[in-house]
Amino acid sequence: MAIATDRPIQQSFDGFLALYGDDNRYELIDGEVFDLEPTGKHEEVAAFITAKACIQIDKASLPWFVLQRGLLRPSNIGATAFRPDVAVIDRTELVNELLWSEQSIITRGDSIKFVAEVVSSNWQNDYARKVEDYAALGIPEYWIADYAGLGGIRHIGKPKQPTLSICTLVDGEYEIQLFQGSQTVVSATFPEFSLTAKQILRIENCS
């Protein structure tokens, strides 16, 4: 993830929406516009998580869906509009979303059951800023899918390697569990998942 430099960096939310609202490459954090740099591998990981989540939602007949093109604009955070790689929305909560009928914008954490971010070059946002803000919003589960092992050692350990961090909300804060290689993931939102970290991160020849 890098700051977009081809257009003005400092933006209000309305200014960002006018310039980037229909472009999935960009999100806004405290007035700074970030290019999400969606590489082919990045999209492959996001698509895999989306597909598996959809299977579980359908299997359990849950009133949820995966948001395809949308923004998360926390009402209590200034000029910020996150664009999660995967966001599972609770359809029953949309009656409380004032912008939803006209725009694909979510403002309340209660509307989101699960979110995943696939790590790009600016990994600090995924491991620090979003951990804090997603917890404050009350999102029950947040995945950080670091397929290239870009995160800092304090986040993914040493030696650095592809890691799936699963953040589960407990008493208002995230408890974080790391999954690597052939370890089977444990998800509170999707307990029927029978997937390893390397499957989710699309890692070939991973022991």
Checklist entry - Would you say residue 115 is surrounded by 15 or more Cβ atoms within 10 Å (Cβ to Cβ) and either modelled with pLDDT under 95 or under 18 Å from residue 36 (Cα atoms) (or both)? => result yes
Checklist outcome for this item: Flagged in region 88-108 as over 12 Å from residue 67 (Cβ atoms), surrounded by 14 or more Cβ atoms within 10 Å (Cβ to Cβ) and not polar (S, T, N, Q), in numbering order, are 93, 108
Next on the checklist: If I filter region 81-100 for residues that are among the basic types (Lys, Arg), modelled with pLDDT of 95 or more, over 12 Å from the mean Cα position of the chain (by Cα) and more than 27 Å from residue 157 (Cβ to Cβ), do I get at least one hit?
Outcome noted: yes
Checklist entry - Within the bounds of region 116-132, is there any residue that is under 15 Å from residue 201 (Cα atoms) and of a type in the set (Phe, Trp, Tyr)? => result no
Next on the checklist: Which numbered condition in (1) surrounded by 15 or more Cβ atoms within 10 Å (Cβ to Cβ); (2) more than 22 Å from residue 124 (Cα to Cα); (3) among the acidic types (Asp, Glu) is the only one that residue 85 fails?
Outcome noted: (2)
Item to check | Residue in region 32-42 that is crowded, with 17+ Cβ neighbours inside 10 Å, of a type in the set (Val, Ile, Thr), modelled with pLDDT of 90 or more and within 14 Å of the chain's Cα centre (by Cα) present | outcome: no
Next on the checklist: Just to be sure before I move on: is residue 129 in contact with a Phe, Trp or Tyr (Cβ under 8 Å, 6 or more places away or on another chain) and at pLDDT below 95 in the structure I sent?
Outcome noted: no
Checklist outcome for this item: Among (1) without any contact (Cβ under 8 Å) to a residue 40 or more places away in the chain; (2) touching a helix residue (DSSP H, G or I) at 6+ places or on another chain (Cβ under 7 Å); (3) not basic (Lys, Arg), residue 195 falls short only on (1)
Checklist outcome for this item: Across (1) modelled with pLDDT under 95; (2) of a type outside the set (Ser, Thr, Tyr); (3) farther than 15 Å from residue 119 by Cα, residue 177 clears everything bar (1)
Checklist outcome for this item: Checked region 162-175 for anything touching a residue at least 12 places away in the same chain (Cβ under 8 Å) and surrounded by fewer than 20 Cβ atoms within 10 Å (Cβ to Cβ); matches are 168, 169, 172, 173, 174
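The values are calculated or read from the model by the stated rules, or taken from the named source; none is laboratory data. Since we're looking at a predicted model, the values are computed, not measured. Neighbour counts run over all protein chains shown; Cβ positions are idealised from the backbone, glycine included.
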